[in-house]
Amino acid sequence: MGLLDRIAPRRPPEPEPEAPTPAPVEDPVFSTKALRKFLGMLSAKAAPTLLDLAPVVSDNLNFFGDHLGCKVIIEDTYSEVEQRARDGRLAELPGAFSTRFRHPDNSIDGILCWDLMDYLDPPAAQALADQLTRMLKPDGAVLAFFGTTPPRDSQYTRYVIADDVNLRYRKYPATRGRQSVLANRDIIRLFERLRVSDSFLLQNHLREILFRKPTYDTR
């Protein structure tokens, strides 16, 4: 028997233990006072139609399906703002908003505007507000958020409904950040054909406003 035959074969090295998978980081949560009122308005209507101006959020779609059974239309307007900011074509937004939305007049029961207005120049914000007002049914509602402190970073916020009084939020990069803080009179002027149903200043320095369209306004 040769020397190599007398040497016991080496055992293969023990595999390195896998590093434990880090626990997922929970999204921050803040309380909302206007969302429950907005949902209550929609639930009072038969087969309501909801227009969401944010990107698709599956948790939100599931929430609306489970709690309201409503039709949800996604119009990712944030992406349009982002694309035009990247291309240096923000001046085109007022005209783009005037033709983007093909929904008939008085056809939408509720609109989730989120904080989109904070990222727009006044002409674009007015063009968007005019279109939302046009599409909204009489007695329909718009839920919108407005920042109350000067912007510090260039980020969008994706809002995720946890329940009817809590929202989770996720930050993601924006080519162009929030613009100047809108005064209350400027906000009301944007939606001059709507009335402010409720307005709340939250602890995270957001003002959430629920607008309603008067029942007699069918324009």
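Please say if the stretch 124-219 is rounded, prolate or oblate, where rounded means a/c under 1.5 for a ≥ b ≥ c the square roots of the C-alpha gyration tensor eigenvalues, and otherwise the choice is prolate for a/b larger than b/c and oblate otherwise? Before the final figure, lay out each step's value.
Details: a/c = 1.88, a/b = 1.51, b/c = 1.25.
Cα axes put the stretch 124-219 in the prolate bin.
Projected onto its three principal axes, the C-alpha set of the chain covers 104, 42, 35 Å, listed from the longest axis down. Could you tell me how many degrees, from 0 to 90 and to the nearest 10, lie between the Cα long axis of helix 77-87 and the main elongation axis, the longest principal axis, of the Cα atoms of the chain? Rounded to the nearest ten degrees, it is 80.
Please give the contour-minus-distance gain from residue 139 to residue 36: 0.36 nm per residue of separation, less the Cα-Cα distance, rounded to one decimal in nm. If you can, show how the numbers build up before the last one.
Working: separation 103, 0.36 × 103 = 37.08 nm, distance 1.64 nm.
So the chain would gain 35.4 nm between residue 139 and residue 36.
Extension gain for the segment residue 61 to residue 74, taken as residue separation times 0.36 nm less the Cα-Cα distance, is 3.7 nm to one decimal.
Taking label points 7 Å from Cα along the Cα-to-Cβ direction, residue 47 and residue 148 give a separation of 4.1 nm. Each Cα pair of the stretch 37-91 feeds into the Kirkwood radius, which the Stokes-Einstein equation turns, at 25 °C and 0.890 mPa s, into a diffusion coefficient of 193 µm²/s.
Given R₀ = 45 Å, what would the calculated FRET efficiency be for residue 181 paired with residue 107, taking r from the Cβ atoms and rounding to 0.05? Between residue 181 and residue 107 the formula returns 0.90.
With both labels modelled 7 Å from their Cα along Cα-to-Cβ, the residue 121 to residue 87 distance reads 1.6 nm.
Can you tell me the dipole magnitude for the chain around its Cα centre, using point charges on the Cβ only (Lys, Arg +1; Asp, Glu -1), in Debye to the nearest 20? Display every interim value, and only then the final one.
Values: 30 positive and 30 negative charges, 97 e Å.
It comes to approximately 460 debye.
Would you kindly state how much longer the chain becomes between residue 219 and residue 199 on full extension, computed as 0.36 nm times their sequence separation minus their alpha carbon distance, in nm to one decimal?
On the way: separation 20, 0.36 × 20 = 7.20 nm, distance 2.48 nm.
Here the answer is 4.7 nm.
Every number in this text was worked out from the coordinates using simple rules, so none of it is lab data. All of these numbers come straight from a predicted model, not from anything done at the bench. Heads up, the Cβs are rebuilt from the backbone with ideal geometry, glycines too, and the neighbour counts pull from every protein chain shown.
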